[in-house]
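To keep things clear, I will list the structure first and then write my remarks on it.
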Amino acid sequence: MRRTLIERLVATAVFLYALVLYGLTIAPTVSFWDSGEFIASVFGLEVMHPPGAPFYMLVARLFSMLAPSRELVALTVNWVSALSSAVTVLLTHLIIVRLIRHWQPPADKRSWTDDFIALAGGVVGACTFAVTDSFWFNAVEAEVYALSMLFTALVVWLGLRWSEQATLEVATLRRGGTLSGLAANRYLVLIAYLFGLAIGVHLLSLLALFFVALLVFFTEFERPEWTPTQRGLRILGALVVSALIFLAIYPGIIQELPNWAGKSGDPLLFGLTVLALVVAGVYYTHRQRKPAANLAMLCLAMILLGYSSYALIIIRSSVDPPIDLNDPETPQAFVSYLKREQYGETPLLRGATYNNQTGQIDPSRTVLFPRRWSPDPNHLRVYAQYSSDLDFFLRYQLGHMYVRYFLWNFVGKASDVQDAPAITGFLPGEKDLYFFQTPSERAARNVYYALPLLLGLLGMAFHFNRDWRRAFSVLILFLVTGVGIILYLNQTPLQPRERDYSYVGSFFAFSLWVGIGAAGLLELVRDRLKNQSSALQRFLLGGTATVIFAAVPLHMLLQNYDDHDRSGRYVARDYAWNLLMSLDENAIVFTNGDNDTYPLWYLQEVEGVRQDVRVANLSLLNTSWYIKQLKHQWARKSAPLPISLSDAQIDRLSVVPWNPREIELPVRLNPATEYERLGIAPEDSSRVMRPMRWRLEGRPYARDLRLLYAADIAVLDMLRSNAENNWERPIYFAVTVSPDGQLNLQNFFQLEGQAYRVVPIRHNVTLGRVVPSITLERLQRFRFTNLDNPNVYFDENIRRMVDNYRSIFAHIAVQLAEQGLAAKGEALLDTLMVRVPLETIPADLRSYYFLTQAYQQVGATEKAVAIWKKAEPLVLFTLRTARSQREADLAAQFVQIIRFTYMMAGDYEAAAAFSNRLAEVLGDDSFRKTPEELRREMEESLSAPSRNDS
């Protein structure tokens, strides 16, 4: 009884540790990437991106109902991940304890040291997993990966529970019973139900099937008389059978069953027939006393029962909610949704691949194991850097996209910059990888000295030595959730973000070995202390456990806490707010991708902000279902968009060749009454172009080929339809839209904050013309919550997004100065520097240049000099570490700009100091200058034109 109480107290402490940790670091509102889409979809039970997560939606919707206000909905949905992750950590502890006890003596013969070793190993392994980089990242935002990991851990734990109970029953049953009639098999039925539910969260959880299958094999089917060869062949057979079962579930049940229902002509009748057959199968096998068949039918029934959560997708899509991705309200559309056909097909076993001789994909020749398959020109340039598909697989897909992430979690991480390498913390050259300007940049550098890796490798060896069967099962779990995913995804290069969150199941499996490694070390210590007193044993075992805990999970906690603490981050919400506040009433705004779209959906759907605005995502505009939704459906207070294309024409939209030519839009506005509605000031009325004409070049693809995407055609049609309708709705492009997606309209852009408005006034102003009365009014509504707080961590994505403000504000300040409003321009820049200081959000060289140029334009040269002084270290670092001639040339240009700015401002001391630092970096004393030498150079350069004139 006392032993059980201690075990429960330790498990409770592990759970509370994780729960408090995630509660302290949880995001208070929406985050970038998919979080905004998930929260918005959960709140209104809308249809998120394929293949959907209906069970996650139902669970998260319950949490959202606990929010006392709409502003706190995001926090409550984030808590789904935090609570799921805390329970996963608890299960990790329980799993490690069970794995260790498989080689320990039975309960009635275990000593206190056995219990201590098992519990200490569970604590070390679970607490290590709790603070790993990728798992912690998933634990504090609204995403499906935390709940998916909970299902994986729960299946593994239940599998071990089944194995323990079944082992006790097998000995009796082999003396006269039927193995498939084990009472423990109720755990397998429950596991099947969890697999069904997990389908409605994320398919990654299904990979735990291989772990369970091996446990079943070793418990029920293995025989001691087998030779090693026989055992190996039968293990391989068990893996093949488990793979077939996996394929029967996915894609069999998940994709093909709805497909057959659609082809049947009557999906409802088909569903009822399947249900009747399954029920009949369960009943028949039970009555005929066929336990194996009955178990299989029960598991099938449970999988289908769990899978039934997907009915939510069709039901909710049929009411046409504002977020209704892929519109899966028919069986055919639903199957397309489940198969993710929107994202195209990825070859797995056979397909065309890159030809190093031609530099193109060769469609006429198919090969086995194609890894370089994408025809995207950007991808082709990367493929050329690899000698073969195998080389690309080993170095990029396996090495860069998995091993690097694995090392991030158990060795160390150099930075949060895209493609950052792993580091140990003690190898030469690791300290100079990056230049860190701010606390946030420094916070993302985490070093563990490879101690978690070493402990895990020790645990793996120890586990195979003590219990090779379960060690092999963990190994298979580790491989299928790591390398297996790499094989299946067949990723292309140039991923838009890091993908480490996909492999948390693999890191979970390795964390089991971290805990077992700690237990192995403690067993070694105990064996050395066999003849010592009990008190000394307790002291040294406790001390060893404390050292292990401090060296691995505690050290990782201290390293990772600052860059995983999101408690003060409101950037995604503010970024969306600022974009919406930049728009006129009833506007249409074209956005680029996830980060400038999903937070907008969140604000509109959850907090009810600016529901008059229609957000049109340019990526989705390449699909016919999305264009039809925009054309036919209201979205809250926003009417359908002006699209003249018929549904049949929309269905035929695709990428088409384009010959550059002039495009014309009618402008029939009444200057007296309608120009103000269009955002045109009275003094600009004479500049209106009637009709509006510009040359549409198309997107460059090859030397003599330009293209228009379906999205380009749809946007062009909206512009024309809206113009013919007297420019009724303001049309904007978010500043984040790439030039390729702007239809060469830049000379008609009017900058009104974080968006460009299309106005029929031609100009030659880069980044758009500015109307002071409109733009300044928009900017007054902007929010910059906590961007001046040095204690808040901002990751690279946030730093890059926020740094965009600087180029926009600098451009507005320059335009104000050119219109005789230099004081307002300087005040605007000063406000930005206070609200978004360089000390918390670093600038890149481009932003430094824009800011200094803007300050010089408004007449504040001393402030420009002060900014360049802050930029000096970055410029010198870039010059010293340039990886290409282009980088070196760019840094050299900035060197000249800085020196010239100092000299023009008369600050020759600063110019001389910078020249001396430059000489030290380059190792060339010829760059050293005294203030007097620089003064003479400046005077000579200023007088040179006058001598030439004479």
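If you take the residues in the range 689-719 that are surrounded by 12 or more Cβ atoms within 10 Å (Cβ to Cβ) and basic (Lys, Arg), which one is nearest to ALA587 (Cα to Cα)?
ARG693
Any idea how many residues of the range 121-163 are closer than 25 Å to ALA53 by Cα, more than 22 Å from the chain's Cα centre (by Cα) and β-branched (Val, Ile, Thr)?
2
So which of ALA535, ALA509 is within 17 Å of ILE100 (Cβ to Cβ) and either polar (S, T, N, Q) or assigned to a helix (DSSP H, G or I) (or both)?
That would be ALA509, the only listed residue that is within 17 Å of ILE100 (Cβ to Cβ) and either polar (S, T, N, Q) or assigned to a helix (DSSP H, G or I) (or both).
Residue check, ASN797 against (1) buried (at least 22 other Cβ atoms within 10 Å of the Cβ); (2) in contact (Cβ under 8 Å) with a residue 40 or more places away in the chain; (3) out of contact with any helix residue (DSSP H, G or I) (no Cβ under 7 Å at 6 or more places or on another chain); (4) not hydrophobic (A, V, I, L, M, F, W, C), all met but one. Which one?
Result: ASN797 fails condition (1) only.
State whether the residues of the range 405-421 include one that is in contact with a strand residue (DSSP E or B) (Cβ under 7 Å, 6 or more places away or on another chain) and charged (D, E, K, R).
Yes.
Is it fair to say GLN559 is outside the structural domain of GLY122 (by TED's automatic domain parsing) and either surrounded by fewer than 16 Cβ atoms within 10 Å (Cβ to Cβ) or over 19 Å from ARG757 (Cβ atoms) (or both)?
In short, no.
Are any of the residues in the range 259-272 closer than 25 Å to ALA213 by Cβ and part of a helix (DSSP H, G or I)?
Among the residues of the range 259-272, not one is closer than 25 Å to ALA213 by Cβ and part of a helix (DSSP H, G or I), which makes the answer no.
Going through GLU932, GLU887, GLU939 one at a time, which residue ends up being in a helix (DSSP H, G or I) and modelled with pLDDT of 90 or more?
Unique residue meeting the criteria: GLU932.
Go through the range 851-882 and report how many residues are surrounded by 20 or more Cβ atoms within 10 Å (Cβ to Cβ) and within 28 Å of ASP432 (Cα to Cα).
Count: 9.
Could you please give the count of residues in the range 117-135 that are among the small types (Gly, Ala, Ser) and closer than 11 Å to PHE508 by Cα?
4
Looking at PRO666, PRO671, PRO640, PRO657 in this structure, which one is surrounded by fewer than 16 Cβ atoms within 10 Å (Cβ to Cβ), closer than 30 Å to HIS379 by Cα and touching a strand residue (DSSP E or B) at 6+ places or on another chain (Cβ under 9 Å)?
Going through PRO666, PRO671, PRO640, PRO657 in turn, just one is surrounded by fewer than 16 Cβ atoms within 10 Å (Cβ to Cβ), closer than 30 Å to HIS379 by Cα and touching a strand residue (DSSP E or B) at 6+ places or on another chain (Cβ under 9 Å): PRO657.
Could you please give the count of residues in the range 847-865 that are assigned to a helix (DSSP H, G or I) and either touching a Ser or Thr at 6+ places or on another chain (Cβ under 9 Å) or under 15 Å from GLU818 (Cβ atoms) (or both)?
So the answer is 13.
Using the structure shown, decide if LEU829 is at pLDDT below 95, crowded, with 20+ Cβ neighbours inside 10 Å, hydrophobic (A, V, I, L, M, F, W, C) and assigned to a helix (DSSP H, G or I).
Here the answer is no, as LEU829 does not meet what is asked.
In the set ILE254, ILE235, which member is of a type in the set (A, V, I, L, M), touching a residue at least 40 places away in the same chain (Cβ under 8 Å), in contact with a helix residue (DSSP H, G or I) (Cβ under 9 Å, 6 or more places away or on another chain) and farther than 26 Å from LEU197 by Cα?
That would be ILE235, the only listed residue that is of a type in the set (A, V, I, L, M), touching a residue at least 40 places away in the same chain (Cβ under 8 Å), in contact with a helix residue (DSSP H, G or I) (Cβ under 9 Å, 6 or more places away or on another chain) and farther than 26 Å from LEU197 by Cα.
Among the candidates ALA888, ALA905, ALA912, ALA919, single out the residue that is surrounded by 14 or more Cβ atoms within 10 Å (Cβ to Cβ) and touching a residue at least 40 places away in the same chain (Cβ under 8 Å).
Just a single option satisfies the conditions, and that option is ALA905.
Quick check on my filter: what residues within the range 602-613 are within 14 Å of SER638 (Cα to Cα), buried (at least 24 other Cβ atoms within 10 Å of the Cβ) and out of contact with any Pro (no Cβ under 8 Å at 6 or more places or on another chain)?
If the condition is that a residue be within 14 Å of SER638 (Cα to Cα), buried (at least 24 other Cβ atoms within 10 Å of the Cβ) and out of contact with any Pro (no Cβ under 8 Å at 6 or more places or on another chain), then VAL613 is the only one that fits.
Of these, PHE784, PHE733, which one is assigned to a loop (DSSP other than H, G, I, E, B) and either more than 27 Å from the chain's Cα centre (by Cα) or buried (at least 19 other Cβ atoms within 10 Å of the Cβ) (or both)?
Answer to the check: PHE784.
Out of the residues in the range 69-99 that are in contact with a helix residue (DSSP H, G or I) (Cβ under 6 Å, 6 or more places away or on another chain) and among the small types (Gly, Ala, Ser), which is farthest from TRP513 (Cα to Cα)?
Ranking the candidates gives ALA74 first.
Identify, by number, the condition in (1) touching a strand residue (DSSP E or B) at 6+ places or on another chain (Cβ under 7 Å); (2) free of Cβ contacts under 8 Å to residues at least 60 places away in the same chain that ASN592 doesn't meet.
(2)
Please find, within the range 496-521, the residue that is nearest to the chain's Cα centre (by Cα) out of those that are surrounded by 24 or more Cβ atoms within 10 Å (Cβ to Cβ) and aliphatic (A, V, I, L, M).
VAL504
LEU9 passes all but one of (1) in contact with a His (Cβ under 8 Å, 6 or more places away or on another chain); (2) under 30 Å from ASP108 (Cβ atoms); which number fails?
Going through the list (1) in contact with a His (Cβ under 8 Å, 6 or more places away or on another chain); (2) under 30 Å from ASP108 (Cβ atoms), LEU9 breaks only (1).
For LEU21, indicate whether it is surrounded by 22 or more Cβ atoms within 10 Å (Cβ to Cβ), modelled with pLDDT of 95 or more and either part of a helix (DSSP H, G or I) or in contact with a Leu (Cβ under 7 Å, 6 or more places away or on another chain) (or both).
yes
Taking helices (runs of 4 or more DSSP H) that do not extend beyond the range 288-394, which have at least 3 residues that are touching a residue at least 60 places away in the same chain (Cβ under 8 Å)?
Filter on the range 288-394 gives 291-307, 311-317, 331-338, 377-383.
Among the helices (runs of 4 or more DSSP H) contained in the range 50-144, which hold 2 or more residues that are modelled with pLDDT of 95 or more and within 26 Å of GLU796 (Cβ to Cβ)?
73-101, 112-130, 133-139
What's the number of the condition ASN725 fails, among (1) more than 26 Å from PHE782 (Cα to Cα); (2) in contact with a strand residue (DSSP E or B) (Cβ under 9 Å, 6 or more places away or on another chain); (3) surrounded by fewer than 23 Cβ atoms within 10 Å (Cβ to Cβ)?
Tallying (1) more than 26 Å from PHE782 (Cα to Cα); (2) in contact with a strand residue (DSSP E or B) (Cβ under 9 Å, 6 or more places away or on another chain); (3) surrounded by fewer than 23 Cβ atoms within 10 Å (Cβ to Cβ), ASN725 fails exactly one: (2).
Assess whether ARG917 counts as being in a helix (DSSP H, G or I), closer than 24 Å to LEU816 by Cβ and among the basic types (Lys, Arg).
The answer is no for ARG917.
Quick one: in the range 567-599, which of the residues that are under 22 Å from TYR501 (Cβ atoms) and touching an Asp or Glu at 6+ places or on another chain (Cβ under 7 Å) is surrounded by the fewest Cβ atoms within 10 Å (Cβ to Cβ)?
Once the filter is applied, the top-ranked residue is ASP594.
When residues of the range 278-303 are filtered for being of a type in the set (S, T, N, Q) and surrounded by fewer than 18 Cβ atoms within 10 Å (Cβ to Cβ), how many remain?
The total comes to 1.
The values are calculated or read from the model by the stated rules, or taken from the named source; none is laboratory data. Keep in mind it's a predicted model, so treat the numbers as computed, not measured. Because the Cβ atoms are built from the backbone with ideal geometry, glycine has one as well, and the counts that use them run over all protein chains shown.
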